[in-house]
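All remarks here apply to the structure that follows.
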Amino acid sequence: MDGAAIPPLAPELRAEIADLYAEYGDVLDAGEYERWTALFTQHCLYLVIPRENHERGLPLATVRAESRGMLEDRVHAIRQTQMFVPRWIRHLIGAPRILRHEDGVVAARASYAVFETQPDQLTRVLNVGRYEDEIVRDDGRLRFRRKLCVFDSILIPTSLVLPI
Amino acid sequence: MDGAAIPPLAPELRAEIADLYAEYGDVLDAGEYERWTALFTQHCLYLVIPRENHERGLPLATVRAESRGMLEDRVHAIRQTQMFVPRWIRHLIGAPRILRHEDGVVAARASYAVFETQPDQLTRVLNVGRYEDEIVRDDGRLRFRRKLCVFDSILIPTSLVLPI
Amino acid sequence: MDGAAIPPLAPELRAEIADLYAEYGDVLDAGEYERWTALFTQHCLYLVIPRENHERGLPLATVRAESRGMLEDRVHAIRQTQMFVPRWIRHLIGAPRILRHEDGVVAARASYAVFETQPDQLTRVLNVGRYEDEIVRDDGRLRFRRKLCVFDSILIPTSLVLPI
């Protein structure tokens, strides 16, 4: 985990990684969920998991998807429930910290904050935490083959219907 | 809107764009409003607009300025009202997502969160949303020729006196 | 303070500075405080100071450390008090704005927001403000020789036990 020990990434790769995170937050906030699923490899792991469980090694996650197909199922469910509870979501994602770059896999972490706005309400903090990611080149572009959304609060103001 | 299809920007231009956003937030939070207006071209469009209006194509904006001169007028008004309602503003701006780069114009989007602190109060979320920007080189440096601040909440805790 | 007047940094140095900030937030949020102290030079200045005091030139700071040893003492104190008030901390740090690069010293500023989560509570904004930093190369890597955490709110929801 010592950042100083990692050989520097090529500038083009750094730029692509930054762009991947910017795109990730942007498509989610725009509700472009089909574009969101396209940011994952076909075989992938997507977990939304409380920090406490994650640090204790407990596998119990709030959301678990083990393929892009499962993410697409999730999007289908969102499309059906969204009309009942309208809300806007806003991601702020910190600059990723590169932990490893081996065998074509970049391991990175990034802090995130998600804000939620419901109609006629003030914006509030919905969820903050850390992405723990593995990124690979797949079919011409970078994608997540593993994304853990490790969130700090067990208590959340509304159910986590929308992706983090 | 597919990030993968855009030819990569030159590293120097990427750096300049990142610096423009960093400077934008920094001068606003420092109350250096004259420096803020200098980040726009003489002919420009600056809108602060609720997301709902923007997505429905309604032109009704909370703030509208169509030139740097109008932004300067706004700064003049701020200087006169500020003494009555002291507060600190703090911008967090996500990494910009580049959408297009054509004919000398960079189209970019970035999430932002603005926090507000009034004397003897806790800091709170004032406004979150997305910048939708067009950036050009003008008189030796990058400037915004168009900046839309599309904000998520119709309800805001205080009047939007200060620029977003 | 005019960003346009600064000669562009070498891309490698820009990348290293970005990585320093990413590492700074990440080690704090992970509670890796020994790694945090290693991000400072032996002789350093670390201040957590209200914006109002800082702008008036008042030296009164909430936290003051004048060497890495004093930071290590602080970590020791945190280790002893942490068990009584468990909480998670989450940093979001904006892209740094480079102000100067002279004689091997980079002066930079960055906005930050720190969120706090206590057990069985919603996440809330703990502290927002601006880092005012001086960065040098020291023993093979970049470190802070000066870091001011200038925060916007005098009122904070809990005591600032953990580093900002």
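Some observations on this one:
- Picking from residues in region C:125-164 that are in a loop (DSSP other than H, G, I, E, B) and among the small types (Gly, Ala, Ser), the one that is nearest to the other protein chains (Cβ to nearest Cβ) is C:Ser153.
- Filter result (touching a residue at least 24 places away in the same chain (Cβ under 8 Å) and in a strand (DSSP E or B)) within region B:109-124: B:Arg109, B:Ala110, B:Tyr112, B:Val114, B:Phe115, B:Glu116, B:Thr117, B:Arg124
- Conditions (1) within 13 Å of chain C (Cβ to nearest Cβ); (2) under 27 Å from C:Pro119 (Cα atoms); (3) modelled with pLDDT of 95 or more: number failed by A:Ala107: (2)
- Test: residue in region A:81-88 that is touching a residue at least 24 places away in the same chain (Cβ under 8 Å), touching a Pro at 6+ places or on another chain (Cβ under 7 Å) and closer than 22 Å to C:Thr123 by Cα: yes
- Looking across region C:33-58, the residues that are within 14 Å of chain A (Cβ to nearest Cβ) and out of contact with any strand residue (DSSP E or B) (no Cβ under 6 Å at 6 or more places or on another chain) come down to C:Tyr33, C:Glu34, C:Arg35, C:Trp36, C:Thr37, C:Ala38.
- For beta carbons closer than 7 Å, sequence separation of 6+ or different chains, a first residue in region A:11-31 that is more than 7 Å from every other protein chain (Cβ to nearest Cβ) and in contact (Cβ under 8 Å) with a residue 24 or more places away in the chain and a second that is surrounded by fewer than 17 Cβ atoms within 10 Å (Cβ to Cβ) and assigned to a helix (DSSP H, G or I), there are no qualifying pairs.
- Here C:Pro8 does not fit the description of being modelled with pLDDT of 95 or more and closer than 21 Å to B:Gly25 by Cα.
- Single residue of region C:89-104 satisfying the filter (open to solvent by 40 Å² or more (accessible area, probe 1.4 Å) and without any contact (Cβ under 8 Å) to a residue 60 or more places away in the chain) that is farthest from the other protein chains (Cβ to nearest Cβ): C:Asp103
- Index of the failed condition, A:Ala61 passing every other in (1) open to solvent by 30 Å² or more (accessible area, probe 1.4 Å); (2) within 14 Å of chain B (Cβ to nearest Cβ): (2)
- Filtered residues of region B:69-101 (kept if in a strand (DSSP E or B), β-branched (Val, Ile, Thr) and either at pLDDT below 85 or within 24 Å of C:Arg51 (Cα to Cα) (or both)): B:Ile89, B:Ile93
- Sole residue being within 21 Å of B:Arg35 (Cβ to Cβ) and among the basic types (Lys, Arg), chosen from B:Arg146, B:Arg109, B:Arg64, B:Arg97: B:Arg146
- Complete set of residues in region A:111-164 that are among the aliphatic types (A, V, I, L, M), open to solvent by 30 Å² or more (accessible area, probe 1.4 Å) and within 26 Å of A:Asp73 (Cβ to Cβ): A:Ile154, A:Ile156, A:Val161
- Annotation: of all residues in region C:22-32 being open to solvent by 10 Å² or more (accessible area, probe 1.4 Å) and either modelled with pLDDT under 95 or not acidic (Asp, Glu) (or both), the one that is farthest from C:His76 (Cα to Cα) is C:Ala22.
The values are calculated or read from the model by the stated rules, or taken from the named source; none is laboratory data. Values in this document were obtained by computation on a predicted structure and should not be read as measured data. Cβ sites come from the backbone with ideal geometry, for glycine too, and all protein chains shown count toward neighbours. SASA here: full protein model, heavy atoms, side chains in, ligands and nucleic acids out. Shrake-Rupley method; radii C 1.70, N 1.55, O 1.52, S 1.80 Å.
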